[in-house]
1. Using 0.36 nm times the number of residues separating Tyr65 and Arg125, minus their current alpha carbon distance, what extension gain do you get?
2. Round to the nearest 0.05 the FRET efficiency obtained for Leu98 and Gln27 when R0 = 41 Å and r is the Cβ-Cβ distance.
3. Explain nothing, just the number: relative contact order of the chain, from Cα pairs under 8 Å at least 6 residues apart, as a whole percent.
4. Using the number of other C-beta atoms within 10 angstrom as an exposure proxy, rank Val177, Val57, Val51, Val84 with the fewest first.
5. Can you classify the chain as rounded, prolate or oblate using the Cα gyration tensor, where a ≥ b ≥ c are the square roots of its eigenvalues, rounded means a/c under 1.5, and otherwise it's prolate if a/b beats b/c and oblate if not?
6. Would you calculate, for the chain, the mean residue ellipticity at 222 nm contributed by helices, counting each DSSP H stretch of 4 or more residues as -39,500 (n - 2.57) and dividing by all residues, to the nearest 500?
7. Take the alpha carbon gyration tensor of the stretch 13-99, find the square roots of its eigenvalues, order them as a ≥ b ≥ c, and report rounded if a/c is under 1.5; if not, report prolate when a/b exceeds b/c, else oblate.
8. With the contact rule set at Cα under 8 Å and sequence spacing of 6 or more, what percent relative contact order holds for the stretch 13-99?
Amino acid sequence: MPPPREPAVSPAGAHEDARARLGALYQAHADFVVRISRQLGAPAAQLEDVVHDVFLVVHRRLGEYDAGRGSLRAWLYGITRNVVLHRIRGQARAERRLRLLPDPEPRPEPDERLARSHAASLVQRFLDQLDEDRRLVFALIEIEGMSAPEVAEALGVKLNTVYSRLRLARQQFKAIVDRLHHGRGGSHGGA
């Protein structure tokens, strides 16, 4: 005699049964999960997410639940504890990473941004007026912060040539600044 056949269950029927069981578990135990989450230190703003994550785990592991090993509430407590601790650890890691970031530069006021933009425009016009040799030396030293020996090496010229070009470029720059300063009614002071 052939072995008895198990009743045929369609995949859709099994899916509906699982959804119904999960829905019933949620209705019966969601408040418990919320209370336990609070007691474990879950931030109030994250309680909904914690409950969601707990019931995702319950859904995935429902077939693993063994009533012989403990009550359903004890099983839910273990899952909730793991989810909350995972979130707390993740938040602590994120906070540590944020502390490693430098503080953001304060945003300049609109007037200051306009002044910076105007100054950058003036410097660019000044650079455009210089011959290429002086422009390169001035830009590399004054704007890019390179040392004179670095510039001499980069351009393949003697160090004294760099100093000479820089001196002439600085004189031209000072003359332009002085003209602007006098044009705005400022007083000229010797430095």
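Just so it is clear, none of the values below were taken in a lab; they were calculated from the coordinates. Bear in mind the structure is a predicted one, so any value in this text is a computation, not a measurement. Positions of Cβ are generated from backbone atoms using ideal geometry, with glycine treated the same way; all protein chains shown enter the neighbour counts.
1. On the way: separation 60, 0.36 × 60 = 21.60 nm, distance 7.55 nm.
Value of the extension gain: 14.1 nm.
2. On the way: r = 38 Å, r/R0 = 0.94.
Once the sixth-power term is evaluated, E becomes 0.60.
3. Values: 83 pairs, mean separation 25.2, N = 191.
Once normalised by length, the contact order is 13 percent.
4. Values: Val177 12, Val57 15, Val51 20, Val84 24.
Lowest count first: Val177, Val57, Val51, Val84.
5. On the way: a/c = 4.57, a/b = 3.39, b/c = 1.35.
Verdict is prolate for the chain.
6. Details: 7 runs with 133 residues, N = 191.
Only helices count here, giving -24000 deg cm²/dmol.
7. On the way: a/c = 2.17, a/b = 1.99, b/c = 1.09.
Because a/c hits 1.5 or more and a/b exceeds b/c, the stretch 13-99 counts as prolate.
8. Working: 45 pairs, mean separation 30.1, N = 87.
Relative contact order comes out at 35 percent.
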